[in-house]
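Some notes on the structure that comes next.
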Amino acid sequence: MTSNTSGEIDCSVCGAPNAKDWLYCQQCGSPLRAELAVASPPTPPGGFAPGHRPDLPPTIVAQPAAPVIPPTIVAQPAVTVPPPVPPTVIA
């Protein structure tokens, strides 16, 4: 995180300029202030995080499927249509 001459803070992750009072980068969402950043252990040479076993496949946690709820059928009263009225002839 560096400040430039226009009163902005450059993001330490993506380098985008941000207003000095913003807490997060408007480009990548990374925290702009050191106290907001969560310290993570450095990745060792080889690219694997501590505790990672490259000989094991990644664990996939399956989410249970949402229950299928059938549609609700609501009975409607029958609609009766009156029979057509023959036209009246006026003589």
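Quick note: the coordinates plus some simple rules give every number you see, no bench work behind them. Quick caveat, the model's predicted, so the values are computed rather than measured. Cβ placement follows ideal geometry from the backbone for every residue including glycine, while neighbour counts extend to all protein chains displayed.
Which net charge results for the neighbourhood of residue 9, defined as the other residues with beta-carbon distances under 11 angstrom from its beta-carbon, given Lys and Arg at +1 and Asp and Glu at -1? Please list the in-between numbers first.
Details: positive: 20, 33; negative: 8, 10, 21.
Result for the neighbourhood of residue 9: -1.
The length gained on full extension between residue 22 and residue 65, counted as 0.36 nm times the residue separation minus their Cα-Cα distance, comes to 11.5 nm. Distances between placed amide hydrogens fall under 5 Å for residue 10 paired with 2, 3, 4, 18, all partners being 5 or more residues away or on another chain.
Database remark: amide H of residue 30 closer than 5 angstrom to the amide H of 25 (H placed geometrically; neighbours at sequence offset of 5 or more, or on other chains; Pro and chain starts carry no H). Between residue 13 and residue 90, the modelled label-to-label distance comes to 8.3 nm, taking each label 7 Å out from Cα in the direction of the beta carbon.
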